[in-house]
Amino acid sequence: MSTRLAPIPVTLIPGDGIGPEVVSAARRVVEATGAPIEWEECEAGAAVFRKGLPSGVPDETIESISRTRVVLKGPLETPVGFGEKSANVTLRKLFETYANVRPVRELPGVRTPYSGRGIDLVVVRENVEDLYAGIEYMQTPGVAQTLKLITVKGCEKIARFAFEYARSEGRRSVACATKANIMKLSEGTLKRVFERVAPEYPDIESWHVIVDNCAHQLVKRPEQFDVIVTTNMNGDILSDLTSALVGGLGFAPSANIGNDVAIFEAVHGSAPKYAGKDVINPTALILSAVLMLRYLGLFEEAAAIEHAVFVTLESGVLTGDVVGYDRGARTSAYTDAIVGNLGRRTDRWTIREVKPLQLPTVAPDPDFVRPASRAVVGLDVFVESPLTATELGASLLELTRDTRLSLKMISCRGTKVFPPTGAMPELVDHYRCRFVIRENPGDLPDEDVHELLTRISRHHRWMHIEKLQEFDGELGFTRAQGEN
Ligand code: NAP
């Protein structure tokens, strides 16, 4: 079908569990279209962990991806334990595939409570930031912390990507789903950046929805959504929900797209209980290969596969996840049917006309945001202490009587507990002690920070500090519950 002669190298990772079965099904279907793909088979995942490599991704695989820049991969098991990182997250982060695209649509023959309502939507999930950066600490023996880092640059990339993706598929709206009402700074950054860039895409309707309501709306009236852009953790959860709306993980493809590299894989994992049984549904990976072909500009081959999948499903050839494993078509027979249906077209179901995706460009500078003015106006010192809040407060007031910084309040698990407010939170040995400049507010020099920490450390165990900053006159921190 393609007029292009030069072979296109693609790194192929069979993966773990059901991975080799779904990858080989997708490979067969792609090859049957005549697409000029030259596969480079590489390892990652369980077998690599077993060889003692904690990243799960060997150098040869990284070298292949750096060269081919396109990957079709099966699911990789994440060992449950300490030390090893998820090989999936490693791949996404190593190659900065910042956009995770998860389309779902109603499919012929796959009966769900939503059948007939025309669900056809895409979750665009930010893929490298948020809680998934994996920056975690035990701050005290009993208190754990995960850092949720959200950057203006990351938000600008993902917001623009969502609009560009909508354009490439002729979609009409982009909803931004965040928890900005609670996490005003981190989740709020995506909302603010989304609302800033939206006017540059006047052809596309845009709106913000709080993520919990988004989940509610997705179950109640999913057909109202077209593209949903969201932060990493929200997107992880919402996209599993959306895949259930159209028949489950067996039908949910995904693409991880960055400026240089794109990785295509099913949303599902390695489903170990079905491994090697020739019973699972390979559609998710076959549709991931369709996304890959479109990314490579092989639009005809992509459409041919999508038509063949639809014709196969319309004809009633369905796998065990849809009709029960005692009656379902075997993975290999289902794949044979799709290959046999290449060249046939469905007339009852529409296949989208897709245009090449324009990846957004943002300035590469690390200091992407440059305020005109900035000042350090105080310090939060996190202290591990077995004392009550009143005892700790009295001690800190005494220790800092003649320092430039004065104790404003202490909070425990986010709620102000000193000076007492009448609140009755459960106390743990993890206090945030907020100090502000006593008089003549201005930019706090580090000497004052050092002096304060020296005083505190004579009597208390501190484990973490945060500077309280203002940028362009805006507070760069939030107040505790109960703090004025
Ligand atoms: P999972 O492998 O996605 O399986 C969960 C369930 O989803 C299966 O038991 C099965 O449901 C259904 N399912 C998944 N894929 C299917 C398919 N192709 N056809 C039919 N049904 C399918 O999730 P998990 O059990 O939580 O994770 C297993 C391993 O995979 C873990 O090590 C996890 O870390 C890893 N994982 C990897 C990726 C990735 O590589 N991107 C993603 C997710 C998870 P029923 O039991 O109802 O039949």
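The values are calculated or read from the model by the stated rules, or taken from the named source; none is laboratory data. Values in this document were obtained by computation on a predicted structure and should not be read as measured data. Counting neighbours? That spans all protein chains shown, and the Cβs are built from the backbone with ideal geometry, glycine included. The area values use the complete protein model at the heavy-atom level, side chains included, leaving out ligands, DNA and RNA. Shrake-Rupley method; radii C 1.70, N 1.55, O 1.52, S 1.80 Å.
Which members of the range 413-448 meet the condition of being of a type in the set (A, V, I, L, M, F, W, C) and crowded, with 19+ Cβ neighbours inside 10 Å?
Within the range 413-448, the first condition is being of a type in the set (A, V, I, L, M, F, W, C), and the residues that meet it are 417-418, 423-424, 427-428, 433, 435-437, 444.
Of everything in the range 413-448, those that are of a type in the set (A, V, I, L, M, F, W, C) and crowded, with 19+ Cβ neighbours inside 10 Å turn out to be 417, 418, 433, 435, 437, 444.
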It is to be established whether one or more residues within the range 188-198 are open to solvent by 30 Å² or more (accessible area, probe 1.4 Å) and not in a helix (DSSP H, G or I).
no
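Given the residues 333, 303, 389, 337, which is the only one that is closer than 30 Å to residue 35 by Cα, modelled with pLDDT of 95 or more, buried (at least 20 other Cβ atoms within 10 Å of the Cβ) and among the aliphatic types (A, V, I, L, M)? Full working, then the answer.
Values: 333 fails: buried (at least 20 other Cβ atoms within 10 Å of the Cβ); 389 fails: closer than 30 Å to residue 35 by Cα; 337 fails: buried (at least 20 other Cβ atoms within 10 Å of the Cβ).
After ruling out the rest, the residue left standing is 303.
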Hey, among the residues in the range 302-353 that are among the acidic types (Asp, Glu) and outside any loop (DSSP other than H, G, I, E, B), which one's nearest to the ligand (Cβ to nearest atom)?
321
Starting from the range 439-453, take each residue that is in contact (Cβ under 8 Å) with a residue 24 or more places away in the chain and list its partners that are polar (S, T, N, Q) and part of a loop (DSSP other than H, G, I, E, B), counting only C-beta distances under 8 angstrom and pairs at least six apart or across chains.
448/403; 451/403; 452/400; 452/403
Within the range 258-301, the residues that are within 8 Å of the ligand (Cβ to nearest atom) and within 20 Å of the chain's Cα centre (by Cα) are 265, 266, 267, 268, 269, 270, 284, 285
All positions within the range 248-257 that are more than 9 Å from the ligand (Cβ to nearest atom) and either open to solvent by 30 Å² or more (accessible area, probe 1.4 Å) or in a helix (DSSP H, G or I) (or both):
none
Return the residues of the range 156-180 that are over 20 Å from the mean Cα position of the chain (by Cα), on the phi < 0 side of the Ramachandran plot and open to solvent by 10 Å² or more (accessible area, probe 1.4 Å); say none if nothing qualifies.
167, 169, 171, 172
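Restricting attention to the range 460-482, which residues are over 32 Å from the mean Cα position of the chain (by Cα) and surrounded by 14 or more Cβ atoms within 10 Å (Cβ to Cβ)?
Initially, the range 460-482 is screened for residues over 32 Å from the mean Cα position of the chain (by Cα), giving 460-462, 482.
Result: 460, 462, 482.
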In the range 258-295, the residues that are touching a strand residue (DSSP E or B) at 6+ places or on another chain (Cβ under 6 Å) and in a loop (DSSP other than H, G, I, E, B)
267, 281
Flagged in the range 46-63 as open to solvent by 60 Å² or more (accessible area, probe 1.4 Å) and either out of contact with any Gly (no Cβ under 9 Å at 6 or more places or on another chain) or assigned to a helix (DSSP H, G or I) (or both), in numbering order, are 50, 51, 53, 59, 60, 63
Where residue 231 falls short, out of the listed (1) away from the ligand (no atom under 16 Å from the Cβ); (2) in contact (Cβ under 8 Å) with a residue 12 or more places away in the chain; (3) open to solvent by 10 Å² or more (accessible area, probe 1.4 Å)
(3)
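Can you pull out the strands (runs of 3 or more DSSP E) entirely within the range 89-165 that have at least 1 residues that are more than 30 Å from residue 313 (Cβ to Cβ)? Don't jump to the end; show me each part of the working.
Details: elements: 99-105, 120-126, 136-140, 143-146.
Once the strands (runs of 3 or more DSSP E) in the range 89-165 are filtered for at least 1 residues that are more than 30 Å from residue 313 (Cβ to Cβ), what remains is 120-126, 136-140, 143-146.
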Here is a check on your reading of the model: is residue 71 crowded, with 18+ Cβ neighbours inside 10 Å, out of contact with any Cys (no Cβ under 8 Å at 6 or more places or on another chain) and not in a helix (DSSP H, G or I)?
yes
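If the requirement is being within 15 Å of the ligand (Cβ to nearest atom), charged (D, E, K, R) and surrounded by 16 or more Cβ atoms within 10 Å (Cβ to Cβ), which of these qualifies: 21, 40?
Matching residue, one of 21, 40: 21.
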What's the total number of residues in the range 273-296 that are under 12 Å from residue 21 (Cβ atoms) and not aliphatic (A, V, I, L, M)?
6
